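Input: a single structure, listed below in structure tokens.
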Amino acid sequence: MAIDYQDRIPNNVDLSDNRRLQRALEGWQPAYLDWWGDRGPTEYQGYDVYLRTAVSVEPGGWANYGYVKMPDYRWGIFLTDPEADRRIGFGDHMGEPAWQDVPGEYRGVLRRLIVTQGDTEPASVEQQRHLGATCPSLYDLRNLFQVNVEEGRHLWAMVYLLQAYFGRDGREEADMLLERSSGDADKPRILGAFNEKTPDWLSFYMFTFFTDRDGKFQLASLAESGFDPLSRTCRFMLTEEAHHMFVGETGIGRVVQRTCELMREYDTEDVRPHGGVPLSLLQKYLNFHFSVSLDLFGSELSTNAANYYTMGIKGRFQEGKRKDDHKLAHATYPILECRDGRFETSDAPALTTVNEALRDDYVADCQRGVNRWNKVIADAGVDFTLTLPHRAFHRAIGSFADIAVTPDGKLIAAEDWNANRDTWPPTAEDEAFVASLMHQVVEPGKYAAWIAPPARGINNQPIDFEYVRM
Ligand SMILES: [Fe+2]
Ligand SMILES: [Fe+2]
């Protein structure tokens, strides 16, 4: 299905045939643009940015590259093409035709899930809005803006669902998505990690690696949904999300590479005097971002998650590829628990562990990226291994929230944890040091000293391409 760029709101959902919806979205659009102008990357609205824009929803060949001023970006509504005779793949409704409309009894639940997902999208734009002032290169600045405009489009995707399928309540929720604000004391964003600051580029790469990856797994499980419009919109969002995680993985990889170069050049682990980020400091950032992102998956045992599953609303990661009955009424799943001061694995009813299973898939995916960073370290001949902290470390949600655990998984007393706190997540001093490295570099082909240039440019352009015209 072609994308219609003639409309004020580009779309592949035949918006011009639905006047009521078109009017609702056109009514929301000015508020969105105001939000982008106020709480997006404000100082850069007039610059030409080498951005990709979706031109089709086919896997592989969907992107068009060119210079765009961000406020002119063609945000719109793009769903992957419908699958003929799609059936619900799990839960009590398994085998029934996928719903093209919202089933009345699941209306509240679906709306809540869509609002929660939708709320994260503008939140991350808000969190990242000051990063342009300290970008390490034009290449990175462009990647930041690409992520930002696509998160904006993800907001459009969720607002479309709310306005098209949830009537007046949906329109009110769409308005509220622009009213809550990341870190705001009175109207914060819904989820904790989306109220944290993204103060520097190290945090940005960690965020896009760990927190956007949570997004990947949430979207993948919603892509399984029996509510077909939600499934189709999430499928297309996933193709955009892949780039965000690429930015994070290669960003950290380049920092690792640069640090290793400095370590060899000066024969020291403490590369701070030479303008680099020590690997031990990277590990602290990793500890923090991994643990707050684990919290986004919710409690280990969750009746809500079980209900979403049996209702056919939110599936498991790659539900369709799994070889079981997709109902899970009698299945069990191993979960880690802390009992009598020890960690133990025990079997729990699989339905209640759907969150935990998704978290396991997420952890495995994170580990693959960490392995690639470790390969960069090993290839440089440096003896150091970055590791994911234990899943009970520094948690605020779920059964590990009330215990004190070291990154390598030792249970300790709360006062011992606090006494050692400075060695695990970054301290204010660490953050101040990282901040001291952050200076804007905007000459084409120049890169800040704390990060290696990328292996290749965007869309086969050279790395000294003018990715943003200042
Ligand atoms: Fe997103
Ligand atoms: Fe993202």
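By count of other Cβ within 10 Å, fewest leading, how are Tyr44, Tyr333 ordered?
On the way: Tyr44 21, Tyr333 16.
If I rank by nearby Cβ atoms, fewest first, I get Tyr333, Tyr44.
Find, to one decimal place in angstroms, the Kirkwood hydrodynamic radius of the range 14-117, where the mean of 1/r is taken over every pair of different Cα atoms and then inverted.
Values: mean 1/r = 0.0574 Å⁻¹.
Across the range 14-117, the inverse of the average 1/r is 17.4 Å.
With 19 Å as the limit on Cα-Cα distance, the pairs of Lys69/Lys216; Lys216/Lys321; Lys197/Lys284 that go past it are Lys69/Lys216. Which part of the range 366-405 falls in the paramagnetic zone of Ile412, meaning amide N under 11 Å from the point 7 Å along Cα-to-beta-carbon? From the range 366-405, the list is 404-405.
What is the sum of charges around Glu121, taking Lys and Arg as +1, Asp and Glu as -1, for the other residues whose C-beta is under 12 Å from the C-beta of Glu121? Counting the neighbours of Glu121, the net charge comes to -4. Bridgeable aspartates and glutamates around Lys314 (alpha carbons under 13 Å apart, same-chain partners fewer than 8 residues away excluded): Asp92, Glu224, Asp228.
Report, for the range 15-469, the % of DSSP beta bridges that are antiparallel, rounded to 5.
If I count the DSSP bridges inside the range 15-469, around 95 percent turn out antiparallel.
Partners of Lys446 within straight-line reach, counting aspartates and glutamates whose Cα lies under 20 Å from its Cα and excluding those fewer than 8 residues away in the same chain: Asp48, Asp140, Asp200, Glu261, Asp464, Glu466. The Rg/Rh ratio of the range 113-248, with both radii computed over alpha carbons and Rh defined as the Kirkwood radius, is 0.97.
Here the alpha carbons of the range 15-469 define both size measures, Rg and Dmax, at 22.3, 67 Å. Computed on the range 15-469, with alpha-carbon pairs under 8 angstrom and 6+ residues apart, the relative contact order is 20 percent.
Helix-only arithmetic for the chain: the sum of -39500 (n - 2.57) across DSSP H runs with n ≥ 4, divided by the residue total, places the mean residue ellipticity at 222 nm at -14500 deg cm²/dmol.
How would you rank Lys323, Lys284, going from fewest to most other Cβ atoms within 10 Å of each one's own Cβ? Before the final figure, lay out the partial values.
Numbers: Lys323 5, Lys284 20.
Result, fewest neighbours first: Lys323, Lys284.
With neighbour counts taken as other beta-carbon atoms within 10 Å, the residues Tyr308, Tyr160 rank, fewest first, as Tyr308, Tyr160.
Size check on the range 383-461: the Cα extents along the three principal axes, sorted descending, read 51, 30, 28 Å.
With the cut-off at 20 Å, report for the range 208-367 the share of all Cα pairs above it, as a whole percent.
Working: 7549 of 12720 pairs.
Beyond 20 Å sits 59 percent of the P(r) for the range 208-367.
Taking only Cα atoms of the range 149-190, what ratio of Rg to Rh do you get with Rh as the Kirkwood inverse-distance radius? Walk me through the intermediate numbers first.
Values: Rg = 11.1 Å, Rh = 10.8 Å.
With Rg and the Kirkwood Rh in hand, the quotient comes to 1.02.
Centre-to-centre, using Cα atoms only, the range 60-110 and the range 336-395 are separated by 31 Å. The length gained by stretching the chain between Ala185 and Asn304 to full extension, at 0.36 nm per residue less their Cα-Cα distance, is 40.1 nm.
Bear in mind these aren't lab numbers, they're just calculated from the coordinates by the rules spelled out. Not measured: the values here are computed from a predicted model. Glycine gets a Cβ as well: all are built from the backbone with ideal geometry, and neighbour counts include every protein chain shown.
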